[in-house]
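What follows is a structure written as structure tokens; I'll ask about it next.
The values are calculated or read from the model by the stated rules, or taken from the named source; none is laboratory data. Bear in mind the structure is a predicted one, so any value in this text is a computation, not a measurement. All Cβ positions, even for glycine, are placed from backbone atoms using ideal geometry, and neighbour counts span all protein chains on display.
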Amino acid sequence: MKRWIIATLLGLALIITGILGSLWFSVSQYDGTAPGSQSRDAALILGAAMWGDKPSWALEERLEVALDLYKQNQVDKLILSGGIGDDAISEAEGMKRYLTERGVDQDDLILEDQSTSTEENVRFSRSLMKKNHIQDIYVVTHDYHMHRALHYAQEMKINAHPAPAHSRVLFTPYWKARECLALIKEAII
């Protein structure tokens, strides 16, 4: 009887380890990946925290990737996606201020300021893409978040390519673990 219990527990442990390993691989697959060199119509920048009316350091990392794509003429437009959290302005508005202060033409910015989740970032931005005849985009978010963002884009039939930000300010293992939990939640719901 004890052997059966031990064998069952070991089997469950192996299954759980396999699932967690698979999830960790998914959130790690864009580590060290650079944005492509091909030109696209636009870049979709997914919001992150604001600190008052300023982007958090993590959001600045995403914005710097987008700014590089824009300044290297790899994209013509930047879609800034993020609603209002606990701050006075939306993430989209905060991103707009940051980018225009760094020389981005306001006419090249498209704001989506209603979303409150990754899925909404992509879904709400899709209608703005259609309205602006945008067919092909880079998705700009952190590397650990890219798998889920591209999954939503694929579900919504968006031609999307990764342009990941690699953090120097976030404790990445925490954010990867959190992203693994988001993938589990997505699978269950």
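Hey, among the residues in the stretch 154-181 that are touching a residue at least 40 places away in the same chain (Cβ under 8 Å) and part of a helix (DSSP H, G or I), which one's surrounded by the most Cβ atoms within 10 Å (Cβ to Cβ)?
So the residue we want is E179.
I'd like to check something: does the stretch 35-57 contain any residue that is out of contact with any strand residue (DSSP E or B) (no Cβ under 9 Å at 6 or more places or on another chain), free of Cβ contacts under 8 Å to residues at least 24 places away in the same chain and not in a helix (DSSP H, G or I)?
no
Also: Mind checking which residues of the stretch 113-145 are buried (at least 19 other Cβ atoms within 10 Å of the Cβ), among the aliphatic types (A, V, I, L, M) and farther than 19 Å from S39 by Cα?
Result: V122, single match.
Can S39 be described as of a type in the set (S, T, Y) and at pLDDT 95 or above?
It is true that S39 is of a type in the set (S, T, Y) and at pLDDT 95 or above.
Moving to a separate point now. Within the stretch 24-75, which residues are among the polar types (S, T, N, Q), loosely packed, with under 14 Cβ neighbours inside 10 Å and under 15 Å from the mean Cα position of the chain (by Cα)?
T33
Provide a single number: the residues in the stretch 93-119 that are charged (D, E, K, R) and either in contact with a Ser or Thr (Cβ under 8 Å, 6 or more places away or on another chain) or touching a residue at least 24 places away in the same chain (Cβ under 8 Å) (or both).
6
Whether any residue in the stretch 5-22 is closer than 13 Å to V140 by Cβ and either in a helix (DSSP H, G or I) or over 18 Å from the mean Cα position of the chain (by Cα) (or both) is what I want to check.
no
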